[in-house]
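Here is the structure we will look at, set down as structure tokens.
The values are calculated or read from the model by the stated rules, or taken from the named source; none is laboratory data. If you're wondering where the values come from, they're calculated on a predicted model, not measured in any experiment. With ideal geometry, Cβ positions are generated from the backbone for all residues, glycine too; neighbour counts draw on all protein chains shown. Heads up: the accessible areas ignore ligands, DNA and RNA and are worked out on the full protein's heavy atoms, side chains in. Shrake-Rupley method; radii C 1.70, N 1.55, O 1.52, S 1.80 Å.
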Amino acid sequence: MIDPLERWKGLGDKPDYAGLLTFMGLPYTQDPAELVGVDAAIVGAPTDDLVSDRPGARFGPRAIRAASCPPGPHLEAKIDAAAALRVVDFGDAPVVPADPVRTRDAIAETVGQVVRAGAVPLVLGGDHSIAEPDIAAVAAVHGPVGLVHFDTHTDTGSEVFGVEVSHGTPMYRLVESGLVDPLRYVQIGLRGYWPGEAEFFWQAELGITSFFMHDVRDRGIGDVVERTVGLVGEGPVFLSVDVDVLDPAFAPGTGTPEPGGMTSADLLWACRSLAQRLELVGADVVEVIPTAVGSADVTALVAERIVREILTGIALRRGA
């Protein structure tokens, strides 16, 4: 078996617009046997069959990869995650258009292969419905997980437009199924006009913690992260980032934009800090609707940097 990382090292440097389209130009494999010894793997989940508003997030994984630039040292953290960790691009889950059940199973199986190999899956969405299969795959190995969830919306509806499975219901379903521990579940960046009293009543009864955008503004992102770390505590944690948590000025290409959101600087720092301080066993970045090519797409660009910050935090935590 040829080590994909060793094969990659022999290819030489390439500009970001040349060569096979992989995340950060990382080595590509879809062979589960080549995941042995890998620290983290990028997985695409290109589906948007379950959105309730603007479609297009199925093109997100490809756009995020196209927006990436070659690896190098993080100028603030002083570490190159691609050199400190063994990371590969594991390609896309074999989703089936217009068949959300088979798509869900395909995402769960692909992410499960990464987790069972001992690596951390970093999943590129796709709409936020992918959180249900990818977190379920992680919980199948690690048990019920804590969850840090950046989003404009809670995604804890029992149904949306009368439908029980959509991008507005995954967190409700994960908590109800016992895969996410509600006492270790923190939401950050909520604002806007959905959901309503029923959803927040359900959350309060279970002990889910919500930080609204006024909390981020008034307390500062540093305090919110500090409180989040204390609430989530020890044990496996999943990090789920919906790019609509950002103000549309920073992420216009998303399905349900809401003014008044986070800045990209705050979100990037928070993702790196949380990945460094928590036992991160998986992450996803979702709801990117590309509007341009490569780094000209500002939403795909910030999504790509979110993943890089998470990798940097993992490398820092491991003392690499």
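Look at the dipole of the chain built from charges on Cβ: of G260, V87, P170, the Cα furthest out on the positive end belongs to V87. Computed over the chain with a Gaussian network model linking Cα atoms closer than 10 Å, the most mobile of A41, A33, A131 is A33. Each peptide in 228-239, 205-216 was scored by the mean count of other Cβ atoms within 10 Å over its residues; highest first, the order is 228-239, 205-216.
Antiparallel beta bridges, as assigned by DSSP with both residues in the stretch 135-254, represent about 5 percent of the total such bridges. Using bins of 5 Å that start at zero, the share of Cα-Cα pairs per bin across the stretch 244-320 amounts to 3, 17, 24, 22, 17, 10, 5, 1, in whole %. Comparing mean-square fluctuations of G118, G126, G189 from a GNM of the chain with C-alpha springs under 10 Å, the top value falls on G118. Phi angles of the stretch 174-186 translate, via the Karplus equation with coefficients 6.51, -1.76, 1.60 and θ = phi - 60°, into HN-Hα couplings of 5, 5, 4, 7, x, 8, 10, 7, x, 6, 10, 10, 10 Hz per residue; Gly and Pro are given as x.
Pairwise Cα distances in the chain exceed 34 Å in 13 percent of cases.
Looking at the chain alone, DSSP beta bridges between its own residues are antiparallel in about 5 percent of cases.
Express the carbon and sulfur contribution to the solvent-accessible surface of the chain as a percent, rounded to the nearest whole number, probe 1.4 angstrom.
Details: 7040 of 12860 Å².
Carbon and sulfur: 55 percent of the exposed surface of the chain.
Taking the Cα centre of the chain as reference, the dipole from Cβ charges on Lys and Arg (+1) and Asp and Glu (-1) amounts to some 940 debye.
With protein chains left intact and a 1.4 Å probe, residues in the stretch 267-320 average 31 Å² of accessible area per residue.
Restricting the stretch 34-134 to GluC sites (Glu not before Pro) that sit in a DSSP loop and have at most 11 other Cβ atoms within 10 Å of their own Cβ leaves E76. When nucleic acids and ligands are ignored and a 1.4 Å probe is applied, V115 ends up with an accessible area of around 10 Å².
Please work out the average accessible area per residue across the stretch 83-239, using the 1.4 Å probe convention, and give it in Å². Mind showing how you got there, number by number?
On the way: 6050 Å² over 157 residues.
Heavy-atom SASA per residue in the stretch 83-239 reads 39 Å².
Size estimate for the stretch 1-150 follows the Kirkwood approach: the inverse of mean 1/r over distinct Cα pairs works out to 16.1 Å.
By per-residue mean of other Cβ atoms within 10 Å, what is the highest-first order of 258-267, 277-286?
Values: 258-267: 18.6, 277-286: 24.0.
Ranking, from highest mean packing down: 277-286, 258-267.
When the chain is treated as a Gaussian network with alpha carbon springs shorter than 10 Å, the biggest mean-square fluctuation among V307, V36, V138 belongs to V36.
Full extension from R116 to A292: what is 0.36 nm times the residue separation minus their Cα-Cα distance, to one decimal in nm? Write out the running numbers ahead of the final one.
Details: separation 176, 0.36 × 176 = 63.36 nm, distance 3.57 nm.
This chain segment gains 59.8 nm when fully extended.
Ordering of 86-92, 193-199 by packing is 86-92, 193-199, highest average first (other Cβ atoms within 10 Å, averaged per residue).
Close amide H pairs (under 5 Å, H built 1.01 Å from N) link T47 with G126, D127, residues at least 5 positions away or on another chain.
Between I79 and H74, the built amide H atoms are under 5 Å apart, and every one of these is 5 or more places off in sequence or on another chain.
For the chain, the mean residue ellipticity at 222 nm estimated from helices alone is -11000 deg cm²/dmol, where every DSSP H run of n ≥ 4 contributes -39500 (n - 2.57) and the total is divided by all residues, rounded to the nearest 500.
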